[in-house]
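One structure is given below, encoded as structure tokens.
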Amino acid sequence: MNYVDVWGEVLSSLRKTLPSHALSAWFEPVDPIGFSGDKILLEVPNQFFAEWIESHYDKELRAALRSNSGKGTNYRFIISDKEPTPLNASESNTGTTTAPLYKNNINKQYRFENFIEGSNNEFAKNAAFSVANNPGKNGFNPLIIYGGVGLGKTHLMHAIGNEAIHKNPELNVVIITSEKFTLDFVNSLRKNKTIEFTQQYRKADILLIDDIQFFRGKEQTQEQFFHTFNVLYQSGKQIVMTADKYPGEMKGLQTRLLSRFQSGLSVDIQPPNFEVRVAILLEKAEQNGLSLDYDVVEFIARHIKENVRDLEGTIIRILAKSSLMNIEIDHDLVRQVVQERTGGRLNNDISMEDIIKQVSISSSVPEKEIVGSSRKMEISKARQISMYLCREIMGASLNNIGMYFGGRDHTTVMHAVKCIKEKNEKEEEVKAFILSIKQDLGYAFS
Ligand code: ADP
Ligand code: MG
């Protein structure tokens, strides 16, 4: 059997042990070129390719070679000396590219003007703005913006790009997600075009790279990024990255990379507080041509708290529901949408203590009587209403409510809840009282 046939056999047995993407990414580009002793010589596009196969598929490859019926029980890689084919033929002919490659990937909607500033993000915003206006020149290099999901990191990063280009249209702003960077890198390896890959990035005046936590555990990509980073950094080019955590706390990234990152400025974005949420909602409503009453905005802001993406999503949902179902945007609709988004529960930050306190204020029954044992009519009514509200607002379990109210049995709580539920439907006075408590707690619209 000649080496081509041996390789053919090896490939068919690898097909049984490896996923097809591994085969097409790493084995199909390999060319058998001969034998040397008991080794089959395999030509691979570059060093990285050889290392990748060795570090990931050595075991499988050896096993496949051992089981083949011909010569060659081991392998050796030969790095190809063929000229790599350029990524884009016409580009390489002219030698230069004038149009910045990634300019169009910048989201024009993400600007500083529509980024709402609050105490949770003002430091990040100011740093970003400063970098956009003086890329590479103010010591904030690299700038790392970190924080949880949906808090505006990507928005700020694109805002830097937009602002920088607005100030100086000549700038080559390269913006990319870490995921795309990784994919492009791996593809460039497969096609033997790492040089072009590298050049794309090294021509950047500003490199904006999103979600670097994606590099976690991807050693070779990190390596590649490290070199790109150094080249840019040393020539005074600005680098901006976003991450889900403070770089010092990121796992799975090489220490030298992390310490490089920390030499610049790291700024965080926190979840927005109530006022910022209201401001964001008003802005997003306006952007969507939606006019919302202030009490509706406040209601949403009280319930949707974790991130800005959810606030935005709520507005869009309200809009969609009202137009699809052709109904007015009223309190019911808003409540329904908010409830859907919070998984059915409203105001999970109201505690039994808050409820009892409020009932006590409105009924003039002291708090300790409410959870006490007195059977006086007005006291036990306040108690029952409190229990009912704990159940309805918090969705607390009968047992927990019973425990909180002086160690009562769950059947007592069940009875109280049922009784008030009926009264709430039949007795105007009870209904009004319950509504006023809910409003005071910020649970119902006022
Ligand atoms: P991250 O990248 O941190 O996960 P994004 O930047 O994608 O978050 O933000 C999610 C959404 O919320 C985007 O539509 C963005 O425009 C919006 N957003 C986030 N923060 C703000 C803010 N401070 N002002 C206005 N919109 C914001
Ligand atoms: Mg993002």
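Some points to look at:
- Radius 12 Å from Cβ of Trp7, net charge of other residues (Lys, Arg +1; Asp, Glu -1): -4
- Helix 377-394 axis versus longest C-alpha principal axis of the chain: approximately 20°, rounded to the nearest ten.
- Length-normalised contact order of region 176-296 in % [C-alpha pairs under 8 Å, at least 6 apart]: 22 percent
- DSSP bridge orientation in the chain - percent antiparallel, rounded to nearest 5: 15 percent
- Among 228-237, 423-432, 134-143, 383-392, the order from most to least packed when residues are scored by Cβ within 10 Å on average: 383-392, 134-143, 228-237, 423-432
- Sorted peptide list for 201-214, 17-30, criterion being average Cβ within 10 angstrom, highest first: 201-214, 17-30
- Taking the helices alone, the chain has a mean residue ellipticity at 222 nm of -16500 deg cm²/dmol, built from -39,500 (n - 2.57) per DSSP H run of at least 4 residues and averaged over all its residues.
- In this simple spin-label approximation, Lys71 and His166 carry label points 7 Å from Cα along the Cα→Cβ vector, and these lie 7.0 nm apart.
- From phi via Karplus (6.51, -1.76, 1.60), per-residue ³J(HN,Hα) for region 151-162 in Hz, x at Gly/Pro: 9, x, 5, 5, 4, 4, 5, 5, 4, 4, x, 4
- Over 25 Å between alpha carbons, listed pairs Lys39/Lys218; Lys218/Lys245; Lys137/Lys305; Lys59/Lys193; Lys357/Lys423: Lys39/Lys218; Lys137/Lys305; Lys59/Lys193
- Computed over the chain: relative contact order in percent, which uses C-alpha pairs under 8 Å that are six or more apart: 12 percent
- Spherically averaged projected area in nm², based on the convex hull that wraps the Cα atoms of the chain: 31.4 nm²
- Label-to-label distance, Glu28 versus Ser374, with points set 7 angstrom from Cα along the beta-carbon direction: 8.2 nm.
- The Ser36 and Asn187 beta-carbon pair, evaluated with R₀ = 30 Å, returns a calculated FRET efficiency of approximately 0.45.
- Net length available on complete extension from Asn105 to Lys418 is 106.9 nm, with 0.36 nm assigned per residue and the Cα-Cα distance removed.
- Heavy-atom accessible area, probed at 1.4 angstrom with all protein chains present, ranks Val371, Val297 as Val371, Val297, highest first.
- Two-site FRET efficiency, Lys251 against Arg202, from Cβ-Cβ distance with R₀ of 35 Å, rounded to 0.05: 0.80
- Whole-angstrom gap from region 26-70 to region 130-184, using each part's C-alpha centre: 41 Å
- Local electrostatic count at Val186 - Lys and Arg +1, Asp and Glu -1, tallied over other residues with Cβ under 15 Å: -2
- Dipole moment magnitude, nearest 20 debye, the chain about Cα centre, only Lys, Arg, Asp, Glu C-beta charged: 780 debye
- Selection from Ser291, Ser12, Ala22 lying farthest towards where the dipole of the chain points positive, charges on Cβ: Ser12
- Fully extending the segment from Ile361 to Ile327, taken as 0.36 nm per residue of separation minus the present Cα-Cα distance, adds 8.5 nm.
- Straightening the chain between Glu179 and Ala432 buys 85.5 nm, computed as 0.36 nm per residue apart minus the Cα-Cα spacing.
- Whole-number percent relative contact order across region 316-446, with pairs defined as alpha carbons under 8 Å at least 6 apart: 21 percent
- Whichever aspartates and glutamates have a C-alpha closer than 18 Å to that of Lys381, once near sequence neighbours (fewer than 8 apart) are set aside: Glu353, Asp354, Glu367, Glu369, Glu392, Asp409, Glu422, Glu425, Glu427, Glu428, Glu429
The values are calculated or read from the model by the stated rules, or taken from the named source; none is laboratory data. Keep in mind that this is a model prediction, so the values were computed, not measured. Note that we place each Cβ from the backbone using ideal geometry, even for glycine, and neighbour counts take in every protein chain shown. Surface areas here come from the heavy atoms of the whole protein model, side chains and all, with no ligands, DNA or RNA. Shrake-Rupley method; radii C 1.70, N 1.55, O 1.52, S 1.80 Å.
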